[in-house]
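Before any comments, here is the structure.
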Amino acid sequence: MHLVEHLHDLTLLMKEAKRLLEKGGEFYIETPHPKTVALASPKGSGAGTFTLNFYDDPTHIKPVAIGAVARLLREEGFEILKSGTSRNWLFAASHLVYQFLPPSRQKYTARVHWLGWSAYVIARKR
């Protein structure tokens, strides 16, 4: 679920996940990594075609640290199974080629995977 950066308050989301999941059910949350606020937006013909900087998406409310999400999940009784930076290594490796090519969606996708654009947490309902 790539949603938390669009919400003012995460409490209701955590409570609803707890209500809906069966015991042992898992909840995956992914959000742009807080370091994306420092990334440059695409320029030239790439401008407005891809969200590289967190604020390139006007629906983003605020960056959310994955540690804060994990804390809220624990408070709702979830067990944290894993957390980290999300990357597709095939896309990341393609950045080494795409960086020399003209702007394209593939180029920006490769770059965000190279940088580790998203952070995630996996939790299980106890």
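No value in this document is a laboratory result; all are computed from the given coordinates. These figures come from a predicted structure and were not determined experimentally. As a convention, Cβ positions derive from the backbone with ideal geometry for all residues, glycine included, and neighbour counts pool all protein chains shown.
Straight-line reach only, C-alpha to C-alpha below 25 angstrom: list the lysines that Lys125 could link to, leaving out same-chain residues fewer than 8 apart. List returned: Lys15, Lys18, Lys23, Lys82. Across the chain, the mean sequence separation of Cα contacts (distance under 8 Å, 6 or more residues apart), normalised by length, yields a relative contact order of 35 percent.
Ranked for footprinting exposure by Cβ neighbours inside 10 Å, fewest first, Asp9, Asp56 give Asp9, Asp56.
Per the Kirkwood definition applied to all pairs of different Cα atoms, how many angstroms is the hydrodynamic radius of segment 4-125? Taking the inverse mean of 1/r over all distinct Cα pairs, segment 4-125 comes out at 15.7 Å.
A full extension of the chain between Glu26 and Asn88 corresponds to an added length of 20.2 nm, given 0.36 nm per residue minus the alpha carbon distance.
Within the shell of other residues whose beta carbon sits under 10 angstrom from the beta carbon of Thr11, the net charge comes to -3, with Lys and Arg scored +1 and Asp and Glu -1.
Using θ = phi - 60° in the Karplus curve 6.51 cos²θ - 1.76 cosθ + 1.60, the 3J(HN,Hα) couplings for segment 104-120 round to 6, 4, 4, 5, 6, 4, 4, 5, 5, 6, 5, 7, x, 5, 10, 10, 9 Hz; x is entered for Gly and Pro. Charged side chains reduced to their Cβ positions (Lys and Arg at +1, Asp and Glu at -1) give the chain a dipole of some 240 debye around its Cα centre.
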